[in-house]
Amino acid sequence: MQINTNPVEIYKTWVNQLEMNSGQTSGLPYSVSQEQALQYPEVQKRLVLAITTLKEVTQAFCDQITSSRDLIPYAMLYMARVMRCALQRRFPHIPEKEILKVVGNLVYYRYINSAIVAPDAFDIVTVSPDEKLNNNQRRNLASIAKTLQFAASKKGFGDEASHLKCLNPFIVECHEKFKDFFRQCCEVEEPEVVYNVTQYSEATLIVKPTIYITVQVLAELGERPSVQTLIGEAIESGTGTQGRMEVCLALTSKFDMSQTAKDKDPKDGNKLFNRTKQLLVDVIRCVEGNVIGELVARPTRGPDEEKYRAIVLTRAQQERQAKLNHTTLNRSPSFLAETRVSLHEVKTRLSHNLRRLENQGLASRADNYQSLLNTIAADIVNQRQHRISRKMELQRLLITASQLEEKETFYNDQLQSYQTYLKTCLSNIAARNKQKLHGSKSRNKQALKYTAARLMEKGVLLEVEDLPESQQKNLLFEITPLATTGVFHIQAKLMGVTMENVEIDIQELLQLQYEGMSVKKMFSKVKVNVNLLLHLLNTKFYSKKNRSTIEKYHSIGIKSLSKGIYLRYITP
C-alpha cells in the first residue's frame, strides 16, 4: 500500500485508473494545481485514507521507539546526557523543552532517522540480493520519517501544506512522548558504574588499551615524539600524507609505580605500612591514650590483655565460620600468625615496625605518626564505598563465571558434535572400503607397497638417515589399513628383512597439517611429507571417482585443543 499525501499525485493516479478501466480518455485535465485537485471528492476521500494510515503507522513507530530506550547504545545515551548538561550550564535561562529538542536532534535525527529511511542499508530488515525495497515502500518510509522528525522537533505543517494541518495535533501528541523519551535518554549513570570500573581497574588490566590516532591530531595535543620515532622509519617532511598517517599508541598511566617499585622494596614499603596500620588499630582498641608512642611504651595491663584476647577469639571464630561457608577472608596466613600472640608481643612488633617506617620516611614520631592515623581514618570513612566496590566486584565475577560456564557448555556441545561427525565420516569410509575390497580376505592383498626410491620420486619420502641412495630401491614400505577406521600399519623391510613397524592415524596427520607441520618423522630415521602422505592414502585406499571424506578432511583440517576438536576451513 502506498501512503501518498500529495493531492496532485493522488489526482493523477485516480485519472490514470479511470482511463485504464474505461479504455478511453476521461475528459479530466491531467495537469492541475493542489487547490484544484482538492476540489474532487475522490481525491479528498483518498487523501483522508492516506492520512489515517500515516497516523496509524507513525503511531506504531513512535510507540516502538519510545519504549526501546534500553536498546540504544550506552555511548549515544551518554552523549545525550553530556549535551544536556553542557547546554544547561551554557544557557541556564533556556527552558528544558528547548534543550530537549537539541538532544532529540542528536538521538532521533542523527541515530534513528537514517535507519527508518533506509532500513536495508543498516540491516534492520533482511532483503535478499535479488530483491530490493520498491519505490512505494521507500516513499512510505520517507513519509513516516518526516512526520516523526516533525514530532521530535515539534514542527507542524503550515500553509504550504494546508491539507496536512490536521496532522498537527497528532504531531504535538507524539512530541510529548518524544520529550519524555529524550529526557530518559539523558538519565544514565556514569561510565564507571555502567562498566564497573574502579580506581583499581587499570592496575588489573592484562593488556594495555590502545588507540589509533592520526599524526595531525597527535600534533595538536602538544609535546610529542617525532613521527620517525613513532613509526620507526624516516619520512620526508612536508609530505601531504604525513598528517593523515595513523599510529597505534598503547596507553600507560602517568601514575606508573614501576619506578617506585624499583626504588623501594614492596615488602618494606606498602606491605609494612599496611601491617603496621592493622597492629596499631588492635592496640588502640585495647589501650587508652592519645599519643601512639606512649601507647606502645606503656606497660601492658591485665584488662588490656583481656580485651585483646577477645579480639583474637572473635577473629578466629570468623575464620572458622568462613571455612564452614566455603569462603575465605582477605587475611594472609602471616597476618594471622602475627596477631595470634599476646598484646605485649603485638606492642613490641608495632614499636619495631614504627621505627622501620621512620627510617624509610613513611611515618614520623614528631607528628604522632599522623600518616598512619590519616590512613586509618580514611579507611573508616570509606568503609561503605569499599563494601559497595566489593559487592560490585563480586557481582562482576559471578557474571564472568556464569559466562564461562555457558561457554564451556557450548564448547562441550561442539566437541560432541564434531566427534559424532568424525565417527560418522570414518564409518562411511570404512563401509566404502569394505565394499571395494569385498571378497578379499588376505591382508597382503590390501597392503600398498612402495620402495623408498619410488616414494622419493613422489615427494612423500624426504629423507632416510644412514641409507645410501643406491640402497633406496632395496628399502620397501608396506602400508596396510587396520580394522580401526583411519589407522594404518606401516612396515619397513630392507632386502626382505623386516626392520621396524609403526602405526599412523589419519587424525594425527590432519592435526600436524593444521599446525603447519609439513614434515613428520617415522621409524626415528625416516622423514615424510605430511600433505603428500595424506594425498597418497586418500588416493590409494579410497574412491577416486568422488572426493572422499578423507580428502574433505584434508581441506578442513582439525585442531585439537585441551577440551575438544575444532574444524577450520583452509585452502586445500
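A DSSP coil position with no more than 13 other Cβ atoms inside 10 Å describes the following chymotrypsin sites (Phe, Trp or Tyr not before Pro) in segment 128-221: 195, 200.
Within the set 12/132; 101/391; 179/391; 493/520; 45/155, which residue pairs have Cα atoms separated by over 28 Å?
Details: 12/132 26 Å; 101/391 39 Å; 179/391 35 Å; 493/520 19 Å; 45/155 26 Å.
Listed pairs above 28 Å: 101/391; 179/391.
Taken as Cα centroids, segment 59-123 and segment 386-406 sit 32 Å apart, rounded to the nearest whole angstrom. A dipole drawn for segment 338-401 from +1 and -1 charges on Cβ atoms has a positive end, and of 348, 370, 395 the residue lying farthest that way is 395. Positive contributions from Lys and Arg (+1) and negative ones from Asp and Glu (-1), summed over other residues with Cβ under 15 Å from the Cβ of residue 380, come out at +2. With a Förster radius of 41 Å, plug the Cβ-Cβ distance of residue 25 and residue 105 into 1/(1 + (r/R0)^6) and report the FRET value to the nearest 0.05. The pair residue 25/residue 105 has a calculated efficiency of 0.25. If you plug the beta carbon distance of residue 290 and residue 122 into 1/(1 + (r/R0)^6) with R0 = 56 Å, you get a FRET efficiency near 0.20.
What order do you get for 186, 166 when you list them from fewest to most C-beta neighbours inside 10 Å? It would help to have the intermediate numbers written out before the result.
Numbers: 186 19, 166 13.
The order, fewest Cβ neighbours first, is 166, 186.
Spin-label pair residue 349-residue 364: with each label point 7 Å from Cα along the Cα-Cβ axis, the two points sit 2.9 nm from one another.
For segment 63-151, the equivalent ellipsoid derived from the alpha-carbon gyration tensor has semi-axes of 31, 15, 9 Å in decreasing order. Each label was represented as a point 7 Å from its Cα along the Cα-to-Cβ direction; for residue 386 and residue 278 these points are 1.1 nm apart.
When Lys and Arg each count +1 and Asp and Glu each count -1, what net charge do the other residues less than 15 Å away from residue 74, Cβ to Cβ, add up to? Don't jump to the answer; show the numbers that get you there.
Working: positive: 69, 81; negative: 70, 187, 189, 190, 192.
With Lys, Arg at +1 and Asp, Glu at -1, the neighbours total -3.
Cβ-to-Cβ counts within 10 Å put 69, 384 in ascending order as 384, 69, the fewest first. Here the spin labels are modelled as points 7 Å beyond Cα on the Cα-Cβ line, and at residue 67 and residue 417 they lie 3.4 nm apart.
Only the coordinates and a few stated rules stand behind these numbers; no lab work does. Note that the structure is a prediction, hence the values are computed from the model and not measured. Please note: Cβ atoms are built from the backbone with ideal geometry, for glycine as well, and neighbour counts cover all protein chains shown.
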